[in-house]
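Working notes for the structure below.
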Amino acid sequence: MFIQIEPSSDIPIYTQVANQIIELIARGQLKGGDTLPSVRALASDLSVNMHTVNKSYHELEQKGILRIVPKSGAVINPIVQEWLTNENSRKIIGQLKPIIAEALVLGMSPDEIRQHASSILNDLKGE
Amino acid sequence: MPLAIFLITLAFLIVVQSAIPFLLKRTIVFGVTIPEEHAMDSSLVSFRRKYSAAVFIIGTISLIFLVLWSANASVSENQLVITGLAIQTGLLLLSMALYLFFHAKTTNLKKVKDWNSRFTQIRVADLQSHSKDSILPNFMYVLPMFVTVGLIVYTASQYNLLPDQIPIHWGPSGEPDAFSQKTPFSSIALLLMLLVLQVMMLGINAAAKLSGVKLNAGKKKSSQLQQLAFRKYTSWFLLLTTILLTILFGFMQLTTIHGALQNDTLMMALPLGFLVLMLALSAVYAFKVGQGGSRIPVSIEEDETSSVTDDDMDDHWKLGVFYVNKQDPSIFVEKRFGIGWSINFGNPIGYLVLFVPIVLILLIAFFV
């Protein structure tokens, strides 16, 4: 269960960490009930500030992906249908829209977009 | 006797110092990170060879000089000790100077050849590293302290038996050659120093546990196995050192209390045995484990990723030796030129772990 960050990227490091954790969950490598390493441990492994990792964990907590339990640390929530509330799906669609729009503006055809979307899905869901 | 000690340590220094470039990771050359595929660049190979050859040849010449010179009957023991120390210090300074020279050359070569530009620099971590970590539990380091505390209590109970002059320094032959007036403090000063050392070792182990497991971007899995092995063996090495120190100091304390135990052969053999054993242990450790476990054999297939490389962190390594990173919560980091741990100078806890004990020991020595 490796995560990697690119310190020179434009994407802030805490977002990179959060995204990688989400990806590990989507791939089924991390499951509900699994604990993430302590903020200190992950920060020292990646040589980043503890606040950075803390921020990623809190972002994931806000999204309902993990629970921060005093003493036992950050625990992944089981993926349950309830989390996909109307509000959540509205938010995700809202985030997809500008990306799809950008792709269209830059000349990607709707078919290509669909193709990319399904190949990403295959990658995450496939073996 | 001093000659034998100097010859053994000097020979050890020559072998280890000249072997160092070959005990290190291929991708860190004289404290500079080099992408895997350029690590064996011909200039870098020649830098390594030149360093080793210079240390080895000059070291061997001075060793031969020491032997020949000491055969001269007019040489006093004092002269021998001073020359021996001077040669050892000289050899260490020489390796440092050579290191700095090649560090500058490697830095320059990396810049001129622009090795970094084709790669994206990344840092990798495994979420499970720490659950697989087998650094010895801290309580193992507490056990030898019971021996020390037991000896302190025993010394107190035998206070009347103690001589009026407490030995505080031992000569090369194991005979005490400096004494201090008997007081409750001076009678246990040696044990207090031992206790400080034991606490320091405990602190090092605890700090190592809290330090990051740094993986190599191109070899995630094998570097993880090596890192974990490095952590495990280093903590075993430290524990063995602690145990040997406890035996040595404990024995010296017992001979002070019971003069009858002062057996000349044993008094000489024990410190010498300690020295030889420590050198042998360090050599085995250096050659078996290598830097960050780089000599631990692993056979694991890695996914080839040629477009990424390790984040070089060169900016955080002053002169390629001193790690200063305020962001990194690690207290210790693996050494870049050498084998073992080094302090993260950006994290003040590291100073506490190493320097407070040294100051305490100096204070005890001063007030005895």
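No lab work stands behind these numbers, since they all come straight from the coordinates. Only a predicted model underlies this, so the values are computations on that prediction, with no experimental measurement involved. Virtual Cβ from ideal backbone geometry, glycine too; neighbours counted across all protein chains shown.
Evaluating 6.51 cos²θ - 1.76 cosθ + 1.60 at θ = phi - 60° for every residue in the stretch B:95-100, the Karplus couplings come out as 5, 5, 4, 4, 4, 4 Hz, glycine and proline recorded as x. Phi angles across the stretch B:287-292 convert, under the Karplus curve 6.51 cos²θ - 1.76 cosθ + 1.60 with θ = phi - 60°, into 3J(HN,Hα) values of 7, 7, 8, x, 5, x Hz, Gly and Pro given as x. Projected over all directions and averaged, the alpha-carbon convex hull of the protein assembly as shown occupies 29.6 nm².
Ranking B:His38, B:Pro297, B:Pro329 by Cα position along the charge dipole of chain B, where only Lys, Arg, Asp and Glu carry charges on their C-beta atoms, puts B:His38 farthest toward the positive end.
Note on the stretch B:192-246: Cα convex hull, mean projected area over all directions, 3.7 nm². With everything on Cα atoms, drop me the angle between helix B:184-209 and the longest principal axis of chain B, reported from 0 to 90° to the nearest 10. So the inclination is approximately 20 degrees.
Here's how it looks for A:Asp34: its modeled amide H is under 5 Å from those of A:Ile76, which are all 5 or more places away or on a different chain. The mean sequence distance of close C-alpha pairs (under 8 Å, at least 6 residues apart), as a share of the length of chain B, puts its relative contact order at 23 percent.
Computed from the alpha carbon positions, the gyration tensor of the stretch A:34-116 leads to an equivalent ellipsoid with semi-axes of 33, 18, 10 Å, biggest first.
Counts of other chain beta carbons within 10 angstrom of each beta carbon in peptide A:45-54 average 6.
Here the stretch B:121-189 is treated as an ellipsoid with the same Cα gyration tensor; its semi-axes, largest first and in whole Å, are 45, 18, 9.
Taking 27 Å as the straight-line reach from the Cα of B:Lys288, the lysines in range (excluding those fewer than 8 positions away in the same chain) are B:Lys25, B:Lys50, B:Lys132, B:Lys209, B:Lys214, B:Lys219, B:Lys220, B:Lys221, B:Lys232, B:Lys335. Placing a pseudo-label 7 Å from each Cα along the Cα-to-Cβ vector at B:Thr9 and B:Ala97 gives an inter-label distance of 2.1 nm. About its Cα centre, the protein assembly as shown has a charge dipole of approximately 80 debye under the convention of +1 per Lys or Arg Cβ and -1 per Asp or Glu Cβ, with nothing else charged.
The HN-Hα couplings worked out from phi for the stretch A:87-93 by the Karplus form 6.51 cos²θ - 1.76 cosθ + 1.60 (θ = phi - 60°) are 5, 4, 5, 4, 5, 5, 4 Hz, whole numbers, x standing for Gly and Pro. Amide H to amide H, with H built 1.01 Å from N, B:Asn344 comes under 5 Å of B:Phe332, B:Val333, counting only residues 5 or more places away or on other chains. For the peptide B:130-137, the mean number of other protein chain Cβ atoms found within 10 angstrom of a residue's Cβ is 1.
For the stretch B:1-59, the gyration tensor built on C-alpha atoms gives a prolate shape. Its axis ratio a/c (a ≥ b ≥ c) is at least 1.5, and a/b is the larger of a/b and b/c. For the stretch B:143-235, a Kirkwood radius taken over Cα pairs fed into Stokes-Einstein (4 °C, viscosity 1.567 mPa s) yields D = 78 µm²/s.
How big is D, in µm² s⁻¹, for the stretch A:1-46 by Stokes-Einstein at 10 °C and 1.306 mPa s if Rh is the Kirkwood radius over C-alpha pairs? So the translational diffusion coefficient is about 139 µm²/s. Taking only Cα atoms and a 10 Å spring cutoff, compute GNM fluctuations for chain B and point out the largest among B:Ile20, B:Ile349, B:Ile82. In this elastic network of chain B, the residue with the biggest mean-square fluctuation among B:Ile20, B:Ile349, B:Ile82 is B:Ile82. With a ≥ b ≥ c the root eigenvalues of the C-alpha gyration tensor of the stretch B:94-252, is it rounded (a/c under 1.5), prolate (a/b larger than b/c) or oblate? Here the stretch B:94-252 falls in the oblate category. The charge dipole of the stretch B:8-102, taken about its Cα centre with unit charges on the Cβ of Lys, Arg, Asp and Glu (plus for the first two, minus for the last two), comes to roughly 100 debye.
Across chain B, how large is the tail of the calculated P(r) beyond 36 Å, expressed as a percent of all Cα pairs? Of all Cα-Cα distances in chain B, 33 percent exceed 36 Å.
Under a 5 Å amide H to amide H cut-off, with H placed in plane at 1.01 Å, what residues pair with B:Val308 once short-range neighbours are removed? Excluding prolines and chain starts, which carry no amide H, the hits are B:Thr120.
With the Cα gyration tensor of the stretch B:39-148 giving a ≥ b ≥ c as the square roots of its eigenvalues, does the rule (a/c under 1.5 for rounded; else a/b larger than b/c for prolate; else oblate) give rounded, prolate or oblate? Oblate, since a/c reaches 1.5 and b/c is not below a/b.
Taking the Cα centre of chain A as origin and assigning +1 to Lys and Arg Cβ atoms and -1 to Asp and Glu Cβ atoms, the resulting dipole is close to 440 debye.
Relative to its Kirkwood radius, the Cα radius of gyration of the stretch B:1-99 gives an Rg/Rh of 1.11. Based on the convex hull around the alpha carbon atoms, the stretch B:273-356 presents an average projected area of 8.2 nm².
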